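Data first, discussion second: the structure below is written as structure tokens.
Values quoted throughout were computed directly from the atomic coordinates according to the rules given, and no laboratory measurement underlies them. Since we're looking at a predicted model, the values are computed, not measured. Please note: Cβ atoms are built from the backbone with ideal geometry, for glycine as well, and neighbour counts cover all protein chains shown.
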Amino acid sequence: MANHMNGAKRPVAGKSVLGGAMIIAGTTVGAGMFSLPVVGAGMWFGYAMIMLVGIWFCMLMSGLLLLETNLHFEPGASFDTLTRETLGQFWRIVSGLSIAFVLYILTYAYISGGGSIVNHSLQNLGIELPQSVAGLVFASVLALIVLVSTKAVDRITTIMLGGMVITFFLAIGNLLLDVDVTKLMQPDGEARFVPYILAALPFGLASFGYHGNVPSLVKYYGKQPNTIIKAIFIGTFLGLVIYTCWLVATMGNIPRSQFIAIIAQGGNMGVLVGALADVMSSQWLNTMLTLFANLAVASSFLGVTLVYLTF
């Protein structure tokens, strides 16, 4: 305990809170945000926001509990080490299998979403591929990058994140200016919103999945709980702000009734982006939104598959 307290008193040299916050925000925000308006369409904006804020708070608290555990180990201890030492071998295996399963499901979801957005992009060029072929092309190209080296993934992901920030605010900024408040405040018409919330919870939880980065932050900052807590709070809150802007932009521009057709077509990224393109004022902004969608799903795929290969 004394070592823990002494470590907490040492200043962090040249490592700002903002850097850790960006790591958390970059991990949190990704292609998963495209599913939020679709899964929230049943309960609509008000209940979707209540659900999102509740999930953010719960995931923030669970991340801080994981940090508390991590601080009792040396910096650099992995999630696997924490599980083995605190819960024993049996739960270590259960935890490892659960993580592998989640990573597999996320990879599958990103391939599906990537194929959809690739198809949407190619249709603008007059090319149309079967969904399965588009998904295969998307996965094959990015898998080659993962197989080349971790450094290649690092460099390309950094470029993608920069592009995501620029294209997101260029496209979403225009959508936010055109929001129709009456669409956001449209009454539910049904009192049975609980089933919709339960169905949307897994998507919301995945949208705030940063916990694998907590051991990395401890290694990065050392045993500096106050600094790491600030980084986690700022990073996750930034994710919440971005998700809120995204829900306002989508639900404030696309009528609720139109989501029935979006869901009927599979509710994938390409379908949602296509629906937004119909209400955007210029082809240039449509291109920015499409480019953002491509970058988001590609960076998410690279991050998840790299973790899977090193797990």
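Quick one: compute a quarter of the convex hull surface over the Cα atoms of segment 38-117 and quote it in nm².
Numbers: hull surface 30.0 nm².
One quarter of the hull surface, i.e. the mean projection, equals 7.5 nm².
Just need the relative contact order of segment 2-310 here, percent rounded to a whole number, with Cα pairs under 8 Å and 6+ apart. Could you put the intermediate results ahead of the total?
Numbers: 351 pairs, mean separation 134.4, N = 309.
Relative CO of segment 2-310 lands at 44 percent.
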_For segment 244-256, Karplus couplings with θ = phi - 60° (6.51, -1.76, 1.60), whole Hz, Gly/Pro x_ = 5, 4, 5, 5, 4, 5, 7, 6, x, 10, 9, x, 4
*With the chain treated as a Gaussian network of Cα nodes joined by springs under 10 Å, which of Gly126, Gly114, Gly46 yields the largest mean-square fluctuation?*
Gly126
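Counting each DSSP H run of 4 or more residues in the chain as -39500 (n - 2.57), what helix-only mean residue ellipticity at 222 nm follows after dividing by all residues, to the nearest 500 deg cm²/dmol? Spell out each step's value before the answer.
Details: 15 runs with 240 residues, N = 311.
Roughly -25500 deg cm²/dmol at 222 nm, from the helical runs in the chain.
Sort 176-185, 65-74 for me by packing, meaning the mean count of neighbouring Cβ atoms within 10 Å per residue, highest on top. Could you put the intermediate results ahead of the total?
Values: 176-185: 12.7, 65-74: 15.8.
By packing density, highest mean first, the sequence is 65-74, 176-185.
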_Where Cα atoms sit under 30 Å apart: lysine pairs in the chain separated by 8 or more or lying on different chains_ = 11
*Please give the length that would be gained between Ala261 and Glu128 if that part of the chain were fully extended, namely 0.36 nm times their separation in residues minus their C-alpha to C-alpha distance (nm, one decimal).*
45.8 nm
_Net charge contributed by nearby residues that have their C-beta within less than 13 Å of Leu285 (K/R +1, D/E -1)_ = -2
*Where labels lie 7 Å past Cα in the beta-carbon direction, separation of Leu147 and Leu18 in nm*: 4.0
*Output ³J(HN,Hα) for segment 51-58: one whole-Hz value per residue in order, computed from phi by the Karplus curve 6.51 cos²θ - 1.76 cosθ + 1.60 with θ = phi - 60°, and x for Gly and Pro.*
4, 5, 5, x, 5, 4, 5, 5
